[in-house]
1. Which of the residues spanning segment A:202-241 are within 30 Å of A:Asp143 (Cα to Cα) and either over 30 Å from the mean Cα position of the chain (by Cα) or outside the structural domain of A:Gln325 (by TED's automatic domain parsing) (or both)?
2. Could you check A:Glu128 against (1) under 16 Å from the mean Cα position of the chain (by Cα); (2) crowded, with 18+ Cβ neighbours inside 10 Å and say which number it fails?
3. Here are the criteria: (1) modelled with pLDDT under 90; (2) exposed (fewer than 14 other Cβ atoms within 10 Å of the Cβ). Tell me which single one A:Lys102 does not satisfy.
4. Listed residues A:Leu334, A:Leu318; which is farther than 24 Å from A:Val403 by Cβ and touching a residue at least 60 places away in the same chain (Cβ under 8 Å)?
5. Go over the candidates A:Tyr315, A:Tyr290 one by one and state the one that is within 12 Å of another protein chain (Cβ to nearest Cβ), more than 18 Å from A:Val256 (Cα to Cα) and aromatic (Phe, Trp, Tyr).
6. Do we have B:Phe60 as at pLDDT 70 or above and touching a Gly at 6+ places or on another chain (Cβ under 6 Å) here?
7. Might you check whether a residue that is within 10 Å of chain B (Cβ to nearest Cβ), within 30 Å of A:Arg273 (Cα to Cα) and either in contact (Cβ under 8 Å) with a residue 60 or more places away in the chain or out of contact with any Leu (no Cβ under 9 Å at 6 or more places or on another chain) (or both) occurs anywhere in segment A:163-178?
8. Taking strands (runs of 3 or more DSSP E) that fall entirely within segment A:184-246, which contain at least 2 residues that are under 23 Å from B:Glu61 (Cβ atoms) and either at pLDDT below 95 or among the small types (Gly, Ala, Ser) (or both)?
Amino acid sequence: MQLTREARCAHTRGAAGLSPFTRTLLTLCLIAAPALAGVLPEDRADVLWHSYNGGDITIQGPSVLVRKKVGDNLSLSANYYEDMISSASIDVKLSASPYHEKREQWSGGADYTHGKSTYSAGFITSKEPDYKANTSYFAVSQDMFGDLTTLTLGYRRGWDRVFKDGKDIATGQIVHVPFDNGLSQAIADHRGYSLSLSQILTRNAILGFNYELLTDQGYLANPYREIRFLSPGVGLGFSKAPQVYPNTRTSNAALVQLKYYLPYRAALTGQYRFFHDTWGVLAHTVELDYTHPAGKHWIFESSLRYYTQKHADFYSDLFPRANYQNFMARDRELAAFHSYTLGAGASYQFMVPGVHWINKSSANVRVDHLLVDYSDFRNALLAGTYGAGNEPLYRLNANIFQVFVSIWF
Amino acid sequence: MRVAPVKLMRAVTAALLLAALAGCAAPTPWVKPYEREHFADPIMSFNRDPVSSTYLQHVFETREGAHGATGSVGGGCGCN
């Protein structure tokens with residue numbers, strides 16, 4: 001293989017600091033450069049309304065997703081998502097005040113195919129009164145083995161700014177208030193490295209595997225929630241203090257999915273996810289989905305999801321005393337619990353008469369019921385009746401509702 | 001047993017390279033293109049309705065300690 005002068009110079013400059021092993025790998029990578037063709041997602045638009053109701057929290061809002069090809073190799077997508085939150089949750093009742101707020105999220109992305117490779121990149125920005133988050137991501141996919149296998153490598157990076165809101169005594173307005181350390185805002189940084197594999201196993205079965213390594217750094221706690229510790233003879237028998245979280249967290253998550261096409265045109269999906277992090281959270285998720293078309297127009301689906309997790313090392317519902325250990329948390333997301341989610345959905349496909357640029361349309365509805373049983377998070381609001389540490393364990397029931405319309409064009 | 005980071009990186013790079021090379025010297029596909037009509041059926045997609053699955057994933061991630069490996073990229077949610 002002959003290199004041009006410019007290429008040789010670039011090669012020399014770029015390889016100057018590399019070991020012979022790495023140079024050999026890079027050369028082989030060039031030889032193995034892809035020459036096959038990825039597939040872009042379909043052009044479609046979705047308008048969704050979502051609603052969550054449970055634990056004295058109501059969250060609802062719209063989501064609009066549009067995806068459109070530009071030429072043969074490029075596909076662009078944009079999404080607007082909104083949460084309108086009204087919360088009087090058990091955490092809010094214990095440590096703060098009921099509130100209403102709105103979170104808006106905008107995202108844009110692009111997928112570009114070259115041969116059998118697909119390059120994806122995008123940016124997401126989320127804004128709510130006391131939390132602003134920006135995330136960028138990049139991924140490369142490669143179809144291999146006669147398109148039976150797709151390998152994807154991805155990277156994402158997030159930058160969050162966290163604020164703490166409180167009521168200004170003089171004006172009654174909600175304003176940013178300083179954290180316990182006196183700073184007006186806190187920073188959190190997130191990175192994710194992912195590897196995904198999609199593999200056609202037989203003419204009826206496909207396997208998916210995702211692995212992601214995540215690192216979080218900075219302010220990772222919830223500034224409003226507090227720990228509680230035993231204070232016999234004082235108030236309800238416990239006192240409260242700010243949570244103290246570690247500033248770093250490294251997580252490993254791996255997901256395996258298997259989808260099978262049944263002989264009478266239906267699909268069965270089984271999936272399992274393993275999760276573990278340096279905070280001591282160990283979680284398992286198992287899910288079964290069944291999709292059943294009926295006639296030309298209807299598709300019905302049902303799902304059952306089971307999730308269980310072990311509590312974080314520094315979590316306790318009730319610490320023995322103040323300053324019991326260096327890190328202390330009572331966020332119920334870090335408690336030990338298991339949950340079941342039972343879901344069902346229906347989709348009706350139809351043609352829009354007289355609109356020739358729409359190839360296909362569907363109207364969809366989906367309902368999920370979430371039941372969470374906590375193993376070491378108690379309803380502290382009942383401490384006056386049962387005594388601190390003897391309250392009933394908390395249980396969450398929530399209904400999740402989605403209705404959306406999709407068009408393909 | 002501890003594995004030196006350099007050795008680990010080399011092993012990962014070599015594995016990725018082998019995967020890439022395998023794309024050039026691909027074995028004969030054991031499922032022929034004309035046998036893959038079931039995978040063109042939307043019900044065989046792992047993510048048939050992204051707008052719906054992304055939302056549901058968000059609901060779980062804000063209430064659970066586990067996150068990641070689901071294919072969705074969160075924009076962050078303070079959920080304070």
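1. First pass over segment A:202-241, keeping only residues within 30 Å of A:Asp143 (Cα to Cα): A:202-215.
A:Thr202, A:Arg203 - these are the residues of segment A:202-241 that are within 30 Å of A:Asp143 (Cα to Cα) and either over 30 Å from the mean Cα position of the chain (by Cα) or outside the structural domain of A:Gln325 (by TED's automatic domain parsing) (or both).
2. Unmet condition: (1).
3. Answer for A:Lys102: the failing condition is (1).
4. Working: A:Leu334 fails: touching a residue at least 60 places away in the same chain (Cβ under 8 Å).
One residue alone meets the criteria, A:Leu318.
5. On the way: A:Tyr290 fails: more than 18 Å from A:Val256 (Cα to Cα).
None of the others qualify; the one that does is A:Tyr315.
6. Working: at pLDDT 70 or above: yes; touching a Gly at 6+ places or on another chain (Cβ under 6 Å): no.
So B:Phe60 does not fit the description; no.
7. Kept after step one, since they are within 10 Å of chain B (Cβ to nearest Cβ), are these residues of segment A:163-178: A:163-165.
Then drop every residue that is not within 30 Å of A:Arg273 (Cα to Cα), which leaves none.
Within segment A:163-178 (the criterion being within 10 Å of chain B (Cβ to nearest Cβ), within 30 Å of A:Arg273 (Cα to Cα) and either in contact (Cβ under 8 Å) with a residue 60 or more places away in the chain or out of contact with any Leu (no Cβ under 9 Å at 6 or more places or on another chain) (or both)), the answer is no, since none of the residues qualifies.
8. Qualifying strands (runs of 3 or more DSSP E): A:186-200, A:205-218.
The values are calculated or read from the model by the stated rules, or taken from the named source; none is laboratory data. None of these values were measured; they are calculated from a predicted model. Because the Cβ atoms are built from the backbone with ideal geometry, glycine has one as well, and the counts that use them run over all protein chains shown.
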